[in-house]
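All remarks here apply to the structure that follows.
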There are 2 protein chains.
Amino acid sequence: MIIVGELINGSRPAIGQAIVRRDAEVIIETARCQVQAGAQLLDINAGTGPDREAEDLVWLVDVVTGALSSVALCIDSPNPAAMKAGLERAGERGALINSITAERKRVETFLPFIQTHSCQVIALCMNEGGIPKEARQRLRIAEDLVETLTAKGLAPGRIFLDPLVCPISVDAQAGRTAMETTRLIKETLPGVRTICGLSNISFGLPQRRLLNRNFLSAMIAAGLDAAILDPTDTGLMANLAATQALLGFDENCMGYIGAAREGTLS
Amino acid sequence: MIIVGELINGSRPAIGQAIVRRDAEVIIETARCQVQAGAQLLDINAGTGPDREAEDLVWLVDVVTGALSSVALCIDSPNPAAMKAGLERAGERGALINSITAERKRVETFLPFIQTHSCQVIALCMNEGGIPKEARQRLRIAEDLVETLTAKGLAPGRIFLDPLVCPISVDAQAGRTAMETTRLIKETLPGVRTICGLSNISFGLPQRRLLNRNFLSAMIAAGLDAAILDPTDTGLMANLAATQALLGFDENCMGYIGAAREGTLS
């Protein structure tokens, strides 16, 4: 299971303020605690306006790469210019692009960066028509995305498909649809991997962490390979350790037993 | 989701002693707290030797039906004589037999009780050869069981198939096999339902409740209709409420929101 830490995001007030004030310490501490908690990659999202985003993203990349010698970055922006600037600054540390969709214009804008860097890419199962309601429709978009990207020279292993997670408070079938889409992708598209952000599932409901951590277990059982999440949520990480053991991904349950000994499962 | 409370089991020391001492209060309290916590059925297992089991099971049935006016019972015994005695004493309250297997002798011994009562039956996916390692082999046994039982007049809706849960400490694939068997049964055998006991999954490992509750979520996502569990485990029941909402079984998340308001989700 690949864990992408989600906490360096300018839409979070502490991070947004740190970006404005160029307070590197807050960013470095947020990066360090996520890596210590088990994140293999860190999502970097400035979340600022189009006029400032490229500059802010470059600053974030500089701060994190300067302080942590080896963690890989997931450059997160809807803005092609900011994405390009952040990715170029990250160099070899820019491991993952978050994200493209099947919208033709978006694919065409982002493809040159993806082709010239060795990075991997998150591709959302949506297109000009928005997010389809049914899992099989999302699978069709996933198939189109993989066909387009592999035709341009990307190996399937560089593609992370995001089945898309909508709130169950809006659509009661949203969780089931995300699980089913994940299962269909893993069955139908060998070699590509799956990723999602968890927390959207619980939008508008109480005790969101309880829903997020159960959703993670169900999504891993459906075939999820990577998740964008808060690795400092100890209940979530305990569930992750338990689920890895339950699914046979944790040889002799050694990871689980080790975590229990270290007292990190409660 | 049908919840069968597992706590009235003579192999638990407090219950074993209460059976020996004919201490009805302990049994009644154990029954009441499970019903209050959400159990629709109570498993009744004397767990005593063959010379005493029928008498002990009848006493347990009398105590529980005398104290609780409506809860249904799951009569749990490997011993045909005890099962017959317990089931006859329970009358209309004897809703479920726990359990038969595909072993021919066992089926032939138990079938007459099942046919003469209106009860439902738990059928384990094992036969004379033991428990198959592969999910597809367990499915074949499930198909045989359903064919045999329906040929004897049982409607599919009276059959609860148990995919069988072995410890992941012994076989790392045991959790995945149980999930896959459940999924195959639900795909292949319309009308029959699935049930399992949870706690065997975590045998031999630390922090068993953490594994049990994550396993419940994954099994429900795979299609589990009923579970034999400890309904007084609040973490487990919180996970159950979250999973029902995540899978779209909880209309407008009203059950989940109500549980959050009542403070039962932590």
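One residue alone among B:151, B:95, B:135 is touching a residue at least 24 places away in the same chain (Cβ under 8 Å) and over 25 Å from residue B:54 (Cα atoms), and that residue is B:135. Applying the set (1) more than 18 Å from the chain's Cα centre (by Cα); (2) within 23 Å of residue A:2 (Cα to Cα) to residue A:93 leaves exactly one unmet item: (1).
Looking only at residues that are more than 23 Å from residue B:189 (Cβ to Cβ) and of a type in the set (A, V, I, L, M) in the range B:78-98, which one is most open to solvent (accessible area, probe 1.4 Å)? So, considering only residues that are more than 23 Å from residue B:189 (Cβ to Cβ) and of a type in the set (A, V, I, L, M), the one most open to solvent (accessible area, probe 1.4 Å) is B:81. Residues that are among the small types (Gly, Ala, Ser) and either without any contact (Cβ under 8 Å) to a residue 60 or more places away in the chain or within 10 Å of residue B:19 (Cβ to Cβ) (or both) within the range B:37-61 comprise B:46, B:47, B:49, B:54, listed in sequence order. For the range B:75-86, the set of residues classified as within 16 Å of the chain's Cα centre (by Cα) and within 23 Å of residue B:155 (Cβ to Cβ) consists of B:75, B:76, B:83, listed by residue number. Flag: residue A:67 matches the condition of being surrounded by fewer than 20 Cβ atoms within 10 Å (Cβ to Cβ) and over 16 Å from the mean Cα position of the chain (by Cα). Check the range B:247-260 and report whether any residue there is β-branched (Val, Ile, Thr), open to solvent by 20 Å² or more (accessible area, probe 1.4 Å) and without any contact (Cβ under 8 Å) to a residue 24 or more places away in the chain. Yes, that holds for at least one residue.
Each residue in the range A:41-58 was checked for being surrounded by fewer than 17 Cβ atoms within 10 Å (Cβ to Cβ) and either at pLDDT 95 or above or assigned to a helix (DSSP H, G or I) (or both), and 2 of them qualify.
The residue that is farthest from residue B:126 (Cα to Cα), counting only those in the range B:164-202 that are in a loop (DSSP other than H, G, I, E, B), within 16 Å of the chain's Cα centre (by Cα) and within 14 Å of chain A (Cβ to nearest Cβ), is B:198. Residues being out of contact with any Asp or Glu (no Cβ under 7 Å at 6 or more places or on another chain), open to solvent by 10 Å² or more (accessible area, probe 1.4 Å) and outside any helix (DSSP H, G or I) are represented in the range B:99-118 by at least one member.
The values are calculated or read from the model by the stated rules, or taken from the named source; none is laboratory data. Predicted model only: the values in this text are computed from it and were never measured. Positions of Cβ are backbone-derived with ideal geometry, glycine not excepted, and every protein chain shown enters the neighbour counts. For accessibility, only protein heavy atoms count, side chains too; no ligands or nucleic acids. Shrake-Rupley method; radii C 1.70, N 1.55, O 1.52, S 1.80 Å.
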